[in-house]
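Everything below concerns the one structure shown next.
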Amino acid sequence: MSAPYLVCLATAGMPAWEDGEIAELHMGTWAFGDVNWHAVAEASVAAVESGLGMDDDHLDAWCAFGQSRGLSGNDDIAFTSLYVDPICVAADDWVNGRHRSRAMQQAGVARVAAAHPDYVPSFLRRSETN
């Protein structure tokens, strides 16, 4: 059986940032605008714990879950991004999502949904059986 798509990770255990990288967050290029990272992260953890993070082909259910938790606007966009473009750390180095992770760390978020580094995407698994 393959690894799950998403797991819950502690933001405190994510790779460290260098000072120059932290400055990137303040350059006016932040795509999400004002986000309630606590609500987004809490919803993502609840979604994974409910079983929605086992595979990468349940986007509609993921989005509906966030909306059922009251997420809308930028919060909904940020929540959806955790599924379609997940945070990923492999071998103690960033693969994806370091800006969102840093924003959550700065907001005091403890845990968030993130990609399992050993997950094999569904489209690759399907092509192996054909």
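So the values come out like this:
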quantity: Residue within region 76-87 that is acidic (D, E) and at pLDDT 90 or above present; calculated: yes
quantity: Any hit, region 45-59, residues being modelled with pLDDT under 90, out of contact with any Gly (no Cβ under 8 Å at 6 or more places or on another chain) and among the small types (G, A, S); calculated: yes
quantity: Failed criterion for V95 (all others in (1) in a loop (DSSP other than H, G, I, E, B); (2) modelled with pLDDT under 90; (3) touching a strand residue (DSSP E or B) at 6+ places or on another chain (Cβ under 7 Å); (4) not polar (S, T, N, Q) hold); calculated: (1)
quantity: Inter-residue pairs, beta-carbon under 9 Å, first without any contact (Cβ under 8 Å) to a residue 24 or more places away in the chain and in region 50-65, second part of a helix (DSSP H, G or I) and exposed (fewer than 12 other Cβ atoms within 10 Å of the Cβ), 6+ apart; calculated: W62/V84
quantity: Extreme residue, modelled with the highest pLDDT, among residues of region 16-44 that are surrounded by 13 or more Cβ atoms within 10 Å (Cβ to Cβ) and outside any helix (DSSP H, G or I); calculated: N36
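Listed here are the residues, each with its yes/no results for (1) within 20 Å of G13 (Cα to Cα); (2) surrounded by 14 or more Cβ atoms within 10 Å (Cβ to Cβ).
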| site | (1), (2) |
| --- | --- |
| D55 | no, yes |
| C63 | no, yes |
| G70 | no, no |
| G73 | no, no |
| A78 | no, yes |
| D92 | yes, no |
| Q105 | yes, yes |
| A110 | yes, yes |
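The values are calculated or read from the model by the stated rules, or taken from the named source; none is laboratory data. This one's a predicted model, so the numbers in the text were calculated from it and none came from an experiment. Quick reminder, even Gly has a Cβ in these numbers, built from the backbone with ideal geometry, and neighbours come from all protein chains shown.
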